[in-house]
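Derivation of every value follows stated rules applied to the coordinates shown; laboratory data play no part. The structure presented is a predicted model; accordingly, all values stated were derived computationally and were not measured. Please note: Cβ atoms are built from the backbone with ideal geometry, for glycine as well, and neighbour counts cover all protein chains shown.
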Amino acid sequence: MNRRQFIQSTLAISAMFGGASFADANPKKDNKMTHILLNDGIKIPQLGYGTWNIRGKDGQAAIENALQVGFRHIDTAAYYQNEDIVGAAVQNSGIKRSDIFITTKLMWGINTDRKGTIKEFSGSLKRLRMDYVDLYLIHAPYGNIPEIWQAMIELKNKGLIRSIGVSNFGIDLVKQLCQTEIKPSLNQIELHPFHQQKQMQSELKKLGVAVESYSPFSQGSSRVLHNEVLQKIGKKYGKTAAQVILRWQIQKDIITIPKTQTKSRMIENFNIFDFALSDGDIQEIEKLSS
Ligand SMILES: NC(=O)c1ccc[n+]([C@@H]2O[C@H](COP(=O)([O-])OP(=O)(O)OC[C@H]3O[C@@H](n4cnc5c(N)ncnc54)[C@H](OP(=O)(O)O)[C@@H]3O)[C@@H](O)[C@H]2O)c1
């Protein structure tokens with residue numbers, strides 16, 4: 001067993017997270033962040049802050065609030081046109097860059113060869129005002145994937161990216177990239193109680209590629225957030241359906257990146273490390289979709 005295989009075999013770990021030292025939101029003292037150890041040895045906070053549709057001054061204030069609440073993992077993308085405010089919020093926070101995990105993604109549809117990828121990445125770094133990113137993802141499986149991947153490997157080898165992965169990839173394409181010098185560390189996919197992607201989850205697990213859930217609330221759908229099963233489970237623990245969803249993902253070793261621009265919801269979404277769902281609860285949630 002080589003080093004990478006060894007790391008994959010111990011994919012999920014829990015780790016203490018200091019965080020929240022300047023939090024004014026007062027997350028519960030025992031509310032400890034968990035982490036996933038990716039197949040390249042990089043540790044990612046399991047709960048991150050999604051930033052789709054977060055823009056402008058209010059958007060920057062929202063990201064600063066998320067950092068104040070205790071989030072230390074931010075998900076952005078060139079496509080979201082908000083890398084600049086993510087960078088500004090991180091700078092304003094006064095938190096050490098190395099204490100925050102930043103993901104951004106390659107814009108799709110343009111510059112999708114090797115040179116173009118390097119150029120696009122350099123644009124992201126400039127907008128973020130950073131000299132490295134923690135995770136760089138191919139946002140969607142378009143363009144010359146082998147060349148894009150090769151460029152990402154080069155950028156990783158230069159120390160400009162700590163971990164490389166994909167998003168919205170089907171399993172066959174993930175398998176192809178797993179044959180290259182560096183496997184994708186994760187696949188960021190839509191995943192929520194009504195779209196659990198069980199087959200994809202199990203295939204990725206076999207490959208040692210972590211699962212990251214986007215749209216964990218199906219973009220705030222009331223069908224999900226007002227679901228009776230989730231609300232009933234939440235009641236037992238004094239938690240909301242949103243917290244039950246995030247906790248279920250945490251216990252399934254899934255990385256999750258809910259988005260909210262509302263501070264009270266940031267606090268709610270962050271307060272999920274002080275309770276545990278039972279096996280029975282998880283079975284009930286898993287009956288909600290195939
Ligand atoms: N890779 C990709 O192709 C891809 C695609 C989509 C998303 N993403 C990433 O995943 C992140 C999350 O997904 P998403 O933004 O699509 O949707 P989401 O996180 O499932 O839902 C966001 C919506 O839920 C509401 N909300 C958040 N917390 C809540 C709570 N505790 N109670 C009630 N409502 C709550 C938010 O409202 P307010 O903001 O009004 O509070 C917002 O309307 C994105 O921001 C982005 O970073 C990636």
Q | Largest-first ellipsoid semi-axes for region 142-227, taking √(5λ) over the Cα gyration tensor eigenvalues, angstrom | A | 28, 14, 11
Q) Where is the GNM fluctuation largest for the chain (alpha-carbon springs, 10 angstrom cutoff): K96, K105, K232? A) K96
(Q) Projecting each Cα onto the charge dipole of the chain (Lys/Arg +1, Asp/Glu -1 at the beta carbon, about the Cα centre), which of G170, Q219, T34 comes out farthest on the positive side? (A) T34
**Q.** Rounded to whole Hz, the Karplus (6.51, -1.76, 1.60) HN-Hα couplings of region 221-227, x for glycine and proline
**A.** 5, 6, 4, 7, 6, 9, 5
Q: Rank L277, L207, L38 by mean-square fluctuation in a GNM of the chain with C-alpha springs under 10 angstrom and give only the top-ranked residue.
A: L277
Q: Return the distance in nm (one decimal) between the two label points of a simple spin-label model at S221 and T262, each offset 7 Å from Cα along Cα→Cβ.
A: 1.9
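Compute the FRET efficiency between N92 and V229 as 1/(1 + (r/R0)^6), taking r as their Cβ-Cβ distance and R0 = 25 Å, and round to the nearest 0.05.
Details: r = 41 Å, r/R0 = 1.63.
E(calc), rounded to 0.05, equals 0.05.
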(Q) Whole angstrom only: what separates the Cα centroid of region 207-270 from the Cα centroid of region 38-114? (A) 19
Q) Leaving out same-chain residues fewer than 8 places away, which aspartates and glutamates sit with a Cα under 18 Å from that of K156? A) D40, D113, E120, D131, D134, E147, E181
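Rounded, prolate or oblate, given the Cα gyration tensor of the chain, with a/c below 1.5 counting as rounded?
Numbers: a/c = 1.64, a/b = 1.23, b/c = 1.33.
Taking the square roots of the gyration eigenvalues as a ≥ b ≥ c, the chain is oblate.
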**Q.** region 62-149 - charge dipole about Cα centre, Lys and Arg +1 at Cβ, Asp and Glu -1, debye rounded to 20
**A.** 160
Q. Anyone know which of Q199, Q231, Q150 comes out most mobile in the 10 Å Cα GNM of the chain?
A. Q199
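Highest mean first, how do 217-229, 46-58 rank when packing is the count of other Cβ atoms within 10 Å averaged over residues? Provide the component values of the computation, followed by the final result.
Working: 217-229: 14.5, 46-58: 19.4.
Highest-to-lowest ranking by the protection proxy: 46-58, 217-229.
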